[in-house]
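See structure below.
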Amino acid sequence: MKKIYLTSTSIADAPFPKDLLLWNYWDHEHVVGTHFEHYKKVKIIREDQKECLSERIAKLPLIPFYINERSLAVLENPNKMVVYHYTLFDLVKHKQIFEFEETSENSCKVKRSDFMEVPFFLKFLQGLFDKIMKKWFLEVWKEDMPMRERRFKVWKLGFKDFKGINFINNKDISSKDCVIQKSSEKYKLNLPISKVTNIKREGSFRLFKKSKHIGYGL
Ligand SMILES: [Fe+2]
């Protein structure tokens with residue numbers, strides 16, 4: 001059967017370093033909390049410094065039911081990630097290309113291009129697909145902003161995962177020194193992201209149904 005691609009492109013700018021935005025996309029644990037309206041379960045099957053294979057139960061805007069999907073995220077280079085989504089017994093294949101362009105040291109442009117493979121007779125869905133993808137991008141983008149902002153603020157104070165903030169842990173260190181040291185550093189992405197939940201064993205479920213800030217399945 002002849003196949004075609006439904007396509008969509010979304011672009012946005014954010015006042016954060018490129019690698020912090022990438023961190024946000026590779027942090028799978030926040031998905032069931034911050035994006036609880038779109039996802040109710042995420043489980044990581046395997047991951048390394050370049051790839052992450054996960055299973056998700058997701059709900060797209062304007063579609064009234066949840067779907068089970070497998071997602072393979074690949075960091076092709078420091079400025080590009082590609083995510084392959086498979087659902088409905090692999091009958092639906094959806095590829096997303098995320099391109100990151102540093103517009104300054106602490107700001108970045110993100111472009112997401114969507115390609116969904118469908119039989120030719122579904123070509124008439126192009127307009128609806130474009131509308132759903134653009135709506136989804138904007139909703140998720142807005143939901144992510146507070147956590148990106150929080151992460152950037154604490155990082156500037158010297159925060160490290162599972163270690164905290166140096167000048168708070170050690171009263172002999174001056175907060176001024178930490179902030180001065182950080183201002184000359186660049187935010188760096190380190191994959192895979194450190195985990196706090198059981199997302200790799202049983203999967204991360206939604207814990208607090210109505211909170212975008214606390215919801216990680218612990
Ligand atoms: Fe997110």
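The values are calculated or read from the model by the stated rules, or taken from the named source; none is laboratory data. Here the structure is a predicted model, which is why all the values come from computation and not from measurement. A quick note on method: Cβ atoms are made from the backbone with ideal geometry, for glycine too, and the neighbour counts reach across all protein chains shown.
Checking the conditions here, which among K80, K59, K50 is without any contact (Cβ under 8 Å) to a residue 60 or more places away in the chain, basic (K, R) and within 26 Å of E101 (Cβ to Cβ)? Step through it out loud before you land on a result.
On the way: K59 fails: within 26 Å of E101 (Cβ to Cβ); K50 fails: without any contact (Cβ under 8 Å) to a residue 60 or more places away in the chain.
From the options K80, K59, K50, the qualifying one is K80.
Does any residue of segment 15-31 turn out to be exposed (fewer than 14 other Cβ atoms within 10 Å of the Cβ), outside any loop (DSSP other than H, G, I, E, B) and either on the phi < 0 side of the Ramachandran plot or free of Cβ contacts under 8 Å to residues at least 60 places away in the same chain (or both)?
no
Okay, residues lined up against (1) within 16 Å of the ligand (Cβ to nearest atom); (2) of a type in the set (S, T, N, Q); (3) in a strand (DSSP E or B); (4) under 20 Å from V32 (Cα atoms):
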{"position": "S113", "(1), (2), (3), (4)": "no, yes, yes, no"}
{"position": "F121", "(1), (2), (3), (4)": "no, no, no, no"}
{"position": "L128", "(1), (2), (3), (4)": "no, no, no, no"}
{"position": "W136", "(1), (2), (3), (4)": "yes, no, no, yes"}
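Take the conditions under 27 Å from K186 (Cβ atoms) and of a type outside the set (S, T, Y) and apply them to I4. Does it pass?
When the stated conditions are applied, I4 does not pass them.
The conditions are (1) within 16 Å of the ligand (Cβ to nearest atom); (2) under 30 Å from E185 (Cβ atoms); (3) not polar (S, T, N, Q), and V32 fails exactly one of them. Which is it?
(2)
Could you tell me whether T9 is of a type in the set (S, T, N, Q), under 30 Å from E105 (Cα atoms) and more than 16 Å from the ligand (Cβ to nearest atom)?
Numbers: of a type in the set (S, T, N, Q): yes; under 30 Å from E105 (Cα atoms): yes; more than 16 Å from the ligand (Cβ to nearest atom): yes.
In short, yes.
Please list, ordered by first then second residue, the pairs with beta carbon atoms under 8 Å, 6 or more apart or interchain, first in segment 137-158 and hydrophobic (A, V, I, L, M, F, W, C) and modelled with pLDDT of 90 or more, second part of a helix (DSSP H, G or I) and within 11 Å of the ligand (Cβ to nearest atom).
Qualifying pairs under 8 Å: M147/N24; M147/H30; M147/T34.
Would you confirm whether any residue within segment 66-76 is away from the ligand (no atom under 16 Å from the Cβ), surrounded by 15 or more Cβ atoms within 10 Å (Cβ to Cβ) and assigned to a loop (DSSP other than H, G, I, E, B)?
Checked against the condition, which is being away from the ligand (no atom under 16 Å from the Cβ), surrounded by 15 or more Cβ atoms within 10 Å (Cβ to Cβ) and assigned to a loop (DSSP other than H, G, I, E, B), segment 66-76 yields at least one hit.
Name the residues in segment 94-124 that are of a type in the set (D, E) and touching a Cys at 6+ places or on another chain (Cβ under 9 Å), would you? Give the steps one after another, and end with the answer.
Pass one, segment 94-124, residues of a type in the set (D, E): 99, 101-102, 105, 114, 117.
Listed by number, the residues that qualify are E101, E102.
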